Structure formats: structure tokens, C-alpha cells
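Report on the following structure.
The values are calculated or read from the model by the stated rules, or taken from the named source; none is laboratory data. Note that the structure is a prediction, hence the values are computed from the model and not measured. Reconstructed Cβ throughout: ideal geometry from the backbone, glycine too, with neighbour counts over all protein chains shown. Ligands, DNA and RNA are stripped out before the accessible areas are found, and what is left, the full protein with its side chains, is counted by its heavy atoms. Shrake-Rupley method; radii C 1.70, N 1.55, O 1.52, S 1.80 Å.
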Amino acid sequence: EWQWSTAKNKGRKEVVGWMGSGAAWNLQRWDFIEECISVLDYTAEGTFYRVILSILGDRFFEAQAFIDKTRELLDTELSALVNESYNRAYEVIIRVQQLSELEEIITYKKLGSSIATNAINAAAIEEQRMRIRQIWTERLKGCSPNVEYWGNILAVRKLVVRPENDVDVWLKFASLCR
């Protein structure tokens, strides 16, 4: 039986790290995602998961650096895939959309911190956060109605907006899953 902690095969450990990162992210097991990411190289996937950890730790400057690196790595991949097939490139386009939303999540979280320190402008700040959520909802309407794509996008948003606070979007997602 294969054991994560004692694995010696770097290739195998990296594959499990990549799959484990995705699973841990969706299960919100932040302790395990950190362990999984530690074996990932600085590929588009590895840097993407590092963005998430940086945002969770409120290390926004670091998160932005990883976003920029991930975007740079995806640029080459996207250029090659667009020449092959739009359908194959769409997955990378979704990843780029996730990066944009992660940048917006940084803003969203910073605004949340501002509410705590600036009660006078709390209503205006909350209005800005509401506008970001509305942009996300509108953007999702333009996304292909595919369970995998919506699931990936909603996983990003779950970093700051719980599903029970975005019921309409999650009900649409549930209907896609049928």
C-alpha cells in the first residue's frame, strides 16, 4: 500500500500532490493542501495552488506574484491550444478566469479588513463587496454550462463567499449537476 509520508518516487508523489491539492482545496482541508503543494514544482498548477494558500494566509503581495507567474505559464499553453482547438483551450481560459477572480478576492478580503478598521464607511465598503459578487454572477452567466467549469469557478469564490450566502448561483450549479 502506498503511503504519502514515506513515498520516495518523486514523479508519483507529484501526481498525488497535484490530485491531493485539488481534493484538499474543494474539501477546504488547508492543512493537507499545504502538504500536497510542498511536492509540486512551480508549474501552472503548482503556482495556482500557491496563490490559494497565500490568499488564505492574507499574504496578498505573495499571492499576486504567484498569480502573475501562473498567468505567464498559462500564456504559452493557451497560445498553443488555441491553434489546436477552442474546446481544448477553454479549460485554460477557465483557469485564467479563476486567476482574475483570485485577484478580485484579494480586493474583497482587503475590503473586509477595511470594514473592521473603518466602521464609518462600512456601508460603502460592503456595497463594493456586493458589486464584486454581482460581477462574479454576471461573469458566470457567460460561462459554458458545464459542471466541471462551474465547479472550478465556484471553488475559487468559496474562499470568501459561503454557498449559503450565494444560494441562487449554487442552485443553478446543482441543476447543472443533474
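With respect to the cross-link table entries 13/110; 69/158; 13/69; 110/158; 69/109, which display a Cα-Cα separation exceeding 25 Å? Long pairs (Cα-Cα over 25 Å): 13/110.
Rounded to the nearest 10 degrees, the angle from helix 167-177 to the longest Cα principal axis of the chain is 30 degrees.
Can you figure out the FRET efficiency of residue 19 with residue 121, using R₀ = 45 Å and their beta-carbon distance, to the nearest 0.05?
That pair, residue 19 with residue 121, gives E of 0.55.
State whether segment 24-178 is rounded, prolate or oblate according to the following rule on the C-alpha gyration tensor (a ≥ b ≥ c being the square roots of its eigenvalues): a/c under 1.5 gives rounded; otherwise a/b larger than b/c gives prolate, and the remaining case gives oblate. Note, shape of segment 24-178 comes out oblate.
A 1.4 Å probe run over the protein chains yields, for the chain, 58 Å² of accessible area per residue, whole-number rounding. Using a 1.4 Å probe on the protein heavy atoms, what percent of the accessible area of the chain belongs to carbon and sulfur? Exposed carbon and sulfur together represent 53 percent of the surface. For the pair residue 90 and residue 139, label points projected 7 Å from Cα toward Cβ lie 1.9 nm apart.
Dipole magnitude for the chain: computed about the Cα centre from +1 point charges on Lys and Arg Cβ and -1 point charges on Asp and Glu Cβ, it is near 240 debye. Along the axis of the charge dipole computed for the chain (Cβ charges of +1 for Lys and Arg, -1 for Asp and Glu, origin at the Cα centre), the listed residues 44, 144, 167 are led at the positive end by 167. From helices alone, the chain scores -26000 deg cm²/dmol at 222 nm; the rule is -39500 (n - 2.57) for each run of n ≥ 4 DSSP H residues, then divide by the residue total. Dipole orientation for segment 16-118: of the candidates 76, 90, 102, 102 has the Cα lying most toward the positive pole (charges on Cβ; Lys, Arg +1; Asp, Glu -1).
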